[in-house]
1. Does any residue of the stretch B:39-57 lose at least 30 Å² of accessible area with all protein chains in place compared with its chain alone, and if so which ones (probe 1.4 Å)?
2. What order do you get for B:9-22, A:39-52 when each peptide is scored by the mean count of other beta carbon atoms within 10 Å, highest first?
3. Among B:LYS20/B:LYS66; A:LYS106/B:LYS14; A:LYS58/A:LYS78; A:LYS106/B:LYS64; A:LYS106/B:LYS55; A:LYS49/A:LYS78, which pairs are too far apart, with a Cα-Cα distance over 19 Å?
4. So what is the relative contact order for chain B, in percent, with contacts set as C-alpha pairs under 8 Å and at least six apart?
5. Could you work out Rg/(2.2 N^0.38 Å) for chain A, with Rg from alpha carbons only?
6. With an 8 Å Cα cut-off and a minimum separation of 6 or more residues, compute the relative contact order for the stretch B:1-42 in percent.
7. When the distances between all Cα atoms of chain B are binned every 5 Å from zero, what whole-number percent does each bin get?
8. Give me a single rounded figure for A:39-51: the average over its residues of other chain Cβ atoms within 10 Å of their Cβ.
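The values are calculated or read from the model by the stated rules, or taken from the named source; none is laboratory data. A quick note: this is a predicted structure, and the numbers were derived from the prediction, not measured. Every residue, glycine among them, receives a Cβ derived from its backbone with ideal geometry; neighbour counts consider all protein chains shown. Surface accessibility is based on the protein's heavy atoms, side chains included, excluding ligands, DNA and RNA. Shrake-Rupley method; radii C 1.70, N 1.55, O 1.52, S 1.80 Å.
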Amino acid sequence: AQSVSQHNHHVILSEAASLELGCNYSYGGTVNLFWYVQYPGQHLQLLLKYFSGDPLVKGIKGFEAEFIKSKFSFNLRKPSVQWSDTAEYFCAVNPNQAGTALIFGKGTTLSVSS
Amino acid sequence: GAVVSQHPSRVICKSGTSVKIECRSLDFQATTMFWYRQFPKQSLMLMATSNEGSKATYEQGVEKDKFLINHASLTLSTLTVTSAHPEDSSFYICSAKRQANTGELFFGEGSRLTVL
């Protein structure tokens, strides 16, 4: 079965620290990859996405992610986190087929202290 | 980006009653909408896929007679929780896919259902 694994359940960082959240998926075919963020009390928002092309994808708010096909990974990174980055982060995979839903990882809670 | 609106954002109901949650795509037509359920501290679990004008496709373990989904137009899908019980209390999130889009979903704000 297709699955998405996020390695870190809860990450606690100080402001200005660097961030890397792991994401691995099990689907073997062509996939579209996403990172969504859910700030406290708000709905899910897209951070960035990868469909094809350059495997290093840049998203909003200084986030980036690198698709490594050989490792089935799509890790999220940010060089210097801010207190406002405190949120829940979800990695999601969509098999490249029309009409299919996203498969989500369990999410990683990021807490940034000022 | 595209806007998806859910209503109501919060609802409290008595056990045994039915609750309807609406999901609207405000500025695009959505041939496909998805309903997810999110338990506290857990991920989003897909409940069903809703295609305009046809019956919804439910995921394994989701009771179709309990969670009625209707996708009557390209901008509206509804989820009705029938004969709600306390264990149905959860956060329900809808998402919609634009016709010309390959994979990205746009999410509603979510609806928190509390069944007393």
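1. For the stretch B:39-57, once contacts with the other chains are taken into account, B:LYS41, B:SER43, B:LEU44 lose 30 Å² or more.
2. Packing proxy ranking, top to bottom: A:39-52, B:9-22.
3. Long pairs (Cα-Cα over 19 Å): A:LYS106/B:LYS14; A:LYS106/B:LYS64; A:LYS106/B:LYS55.
4. 37
5. Numbers: Rg = 13.6 Å, N = 114, 2.2 N^0.38 = 13.3 Å.
This ratio for chain A stands at 1.02.
6. Taking the mean separation of contacting Cα pairs over the length of the stretch B:1-42, I get 45 percent.
7. Percent of pairs per bin, in order: 2, 13, 24, 26, 20, 10, 4, 1, 0.
8. Counting Cβ atoms of other protein chains within 10 Å of each residue's Cβ and averaging gives 3.
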